[in-house]
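The values are calculated or read from the model by the stated rules, or taken from the named source; none is laboratory data. This one's a predicted model, so the numbers in the text were calculated from it and none came from an experiment. Methodologically, a virtual Cβ is constructed for each residue, glycine included, from the backbone with ideal geometry; neighbour enumeration extends over all protein chains shown.
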Amino acid sequence: MLVRPVNLACFAMKAGRKILTQRTLARRIFSFVCLLLSLSGASQAGSFNVNPVRVELSAKERSAVLRVENNGDAAVTIQLQSMAWSQELGKDKLAATRDVIATPSIFKLKAGATQIVRVGMLRNADPQRELSYRLFLEEIPPPPAPDFKGLQVALRIGLPIFIQPVETAVSQLKFLPKRLADGQMQLTLVNQGLAHSQIFGLKVFPAAKPDAVFAASMISLYVLPGQERSLLMRPGDFSQAADGQLLIKAQTRAGPVESHATLVGPD
């Protein structure tokens, strides 16, 4: 999305004789900016969407087609970049690659127009392990006007690309809950399988009371093969799980996952 110049003059706001608190003033400014960003025409230039939002390739299906549609009211120029995607110490890592290519690499879309993008793999599939990449579609904003004093925001969309291995691969999640000194719980998700796991949310229960939610998170994340991700949760009363035995239920793209785990205490 490209947001055209918005000039916000500094101002003081009063209600009767009472000056608004700093927090209230900040909230009103935030609401005002959100309103400006939601307007069409002068405050919003072109935007685009992509379908599908996920690509899976394999030795049998070495290419795929994406449809990029400009659903804004101005022309947009979009460039594409393929990146190898890995994870290390719980963080995503991206690196330039030629394993996957997308064409055309740069194109201009008129308002309401659609561009077909072809994504293909230039390497062979791994015999056993799934390979992961990301394709980024980024808007190139036009040069600002000479009197530009506002803010330009370029829309950037990242799509996951997975190359399936020759043999069937699945994810295998393991959960490691740990109680922290500050009262939070760190839940580490370890993928011991050979394919990624996409998690949309999870709930933690005391094993002895599988109907009583102990902690929950609606976070959405990927755990790549052989990697781990950690998240912080704020549980209820730890006495609910005095024996340390927990039941974890996760919603994943492949379906629901349930696992028992033992809560360990602070170091």
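A single entry from Leu187, Leu194 fulfils the requirement of being of a type in the set (A, V, I, L, M, F, W, C), under 24 Å from Glu130 (Cα atoms) and at pLDDT 95 or above: Leu194. Is there a residue being part of a strand (DSSP E or B) and either among the polar types (S, T, N, Q) or in contact with a Cys (Cβ under 7 Å, 6 or more places away or on another chain) (or both) anywhere in region 97-110? Scanning region 97-110 turns up at least one residue that is part of a strand (DSSP E or B) and either among the polar types (S, T, N, Q) or in contact with a Cys (Cβ under 7 Å, 6 or more places away or on another chain) (or both). In region 109-136, the qualifying residues are those that are touching a Gly at 6+ places or on another chain (Cβ under 8 Å) and among the aliphatic types (A, V, I, L, M), and the one that is surrounded by the fewest Cβ atoms within 10 Å (Cβ to Cβ) is Ala111. Here region 86-97 is the region considered, the condition is being in contact with a strand residue (DSSP E or B) (Cβ under 8 Å, 6 or more places away or on another chain) and not hydrophobic (A, V, I, L, M, F, W, C), and the residue that is surrounded by the most Cβ atoms within 10 Å (Cβ to Cβ) is Gln87. Test Phe214 against the criterion of being more than 18 Å from the chain's Cα centre (by Cα), surrounded by 14 or more Cβ atoms within 10 Å (Cβ to Cβ) and either at pLDDT below 95 or not aromatic (Phe, Trp, Tyr) (or both), and give yes or no. Yes, satisfied.
Beta carbons closer than 6 Å, at least 6 apart along the sequence or on distinct chains, pair a first residue in region 168-197 that is over 17 Å from Ser217 (Cβ atoms) with a second that is assigned to a loop (DSSP other than H, G, I, E, B) and acidic (Asp, Glu) for Ala169/Glu130; Ala195/Glu130. Within region 138-184, the set of residues being closer than 30 Å to Gln128 by Cα and part of a loop (DSSP other than H, G, I, E, B) comprises Gln164, Pro165, Val166, Glu167, Thr168, Ala169, Val170, Ser171, Gln172. The set of residues in region 233-267 that are hydroxyl-bearing (Ser, Thr, Tyr), under 18 Å from His196 (Cα atoms) and more than 21 Å from the chain's Cα centre (by Cα) contains only Ser259.
Of everything in region 182-207 that is closer than 18 Å to Gly244 by Cβ and polar (S, T, N, Q), the residue that is farthest from the chain's Cα centre (by Cα) is Gln184.
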